[in-house]
1. Among (1) surrounded by fewer than 19 Cβ atoms within 10 Å (Cβ to Cβ); (2) touching a helix residue (DSSP H, G or I) at 6+ places or on another chain (Cβ under 6 Å), there is one condition residue 48 misses while meeting the rest; what is its number?
2. Of 14, 108, 83, 42, which residue is at pLDDT below 95 and in contact with a strand residue (DSSP E or B) (Cβ under 8 Å, 6 or more places away or on another chain)?
3. Looking at region 193-203, which of the residues that are within 16 Å of the ligand (Cβ to nearest atom) and either in a loop (DSSP other than H, G, I, E, B) or in contact (Cβ under 8 Å) with a residue 40 or more places away in the chain (or both) is nearest to residue 14 (Cα to Cα)?
4. I'd like to check something: does region 35-50 contain any residue that is away from the ligand (no atom under 16 Å from the Cβ) and in contact (Cβ under 8 Å) with a residue 40 or more places away in the chain?
5. Looking at 145, 166, which one is farther than 16 Å from residue 2 by Cα and free of Cβ contacts under 8 Å to residues at least 24 places away in the same chain?
6. Restricting attention to region 165-192, which residues are away from the ligand (no atom under 15 Å from the Cβ) and in a loop (DSSP other than H, G, I, E, B)?
7. Of the conditions (1) more than 16 Å from the ligand (Cβ to nearest atom); (2) closer than 27 Å to residue 200 by Cβ; (3) in a helix (DSSP H, G or I), residue 23 fails just one. Which one is it?
8. All but one of (1) away from the ligand (no atom under 16 Å from the Cβ); (2) surrounded by fewer than 16 Cβ atoms within 10 Å (Cβ to Cβ); (3) farther than 22 Å from residue 7 by Cα hold for residue 83; state the number of the condition that does not hold.
Ligand SMILES: [Zn+2]
């Protein structure tokens, strides 16, 4: 039985409605074992600026060490790959999970994808994933290339229960050779921890639960 996890959650540090502490308490109320907070960085939405990233990391790190709720807290960040101009601030911290969003969103996806691969190559021990990715602009001809790179570089594919990206037909090409993470993309306490649809996807595809990353 998989631990009850939620690896994609927003707080008031970006566009969420609750504080990290409120989200952690809600996670405890919902009997989650693990919570990873992944506020926005570098995007058009309300997001952490390069000046706020240090305060974000430090305050989550204190909560992580405190661990009074019994819920294991992890420190993540969601980066808009299309908007980011410098990786300098991002690269200063030891993230538990870095999620890149919009990687295949635009016709120019190949540049974005290369940036993700380069980041993972620089930080091979960091969990690097694609948030609610849809492979929407990847042509059939390029799909094998993309999937091979995801496998080689151990890039995590997120199953996001808000966007239900796993219903996309490209997800029929995925199997147990890939790594997955699961998140609700909750922006408030209410949606936190609703991960069953993603677990059902894995079950239907006969992908074992040990392919879900452990932070
Ligand atoms: Zn998000």
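The values are calculated or read from the model by the stated rules, or taken from the named source; none is laboratory data. Since the structure is predicted, the reported quantities are computational estimates derived from the model, not experimental observations. Cβ: placed from backbone, ideal geometry, glycine included. Neighbour counts: every protein chain shown.
1. Going through (1) surrounded by fewer than 19 Cβ atoms within 10 Å (Cβ to Cβ); (2) touching a helix residue (DSSP H, G or I) at 6+ places or on another chain (Cβ under 6 Å) one by one, residue 48 breaks only (1).
2. 42
3. For region 193-203, the residue satisfying everything is 193.
4. Checked against the condition, which is being away from the ligand (no atom under 16 Å from the Cβ) and in contact (Cβ under 8 Å) with a residue 40 or more places away in the chain, region 35-50 yields no hits at all.
5. That would be 145, the only listed residue that is farther than 16 Å from residue 2 by Cα and free of Cβ contacts under 8 Å to residues at least 24 places away in the same chain.
6. 168, 174, 175, 176, 177, 178
7. (1)
8. Looking at each condition in turn, residue 83 falls short on (1).
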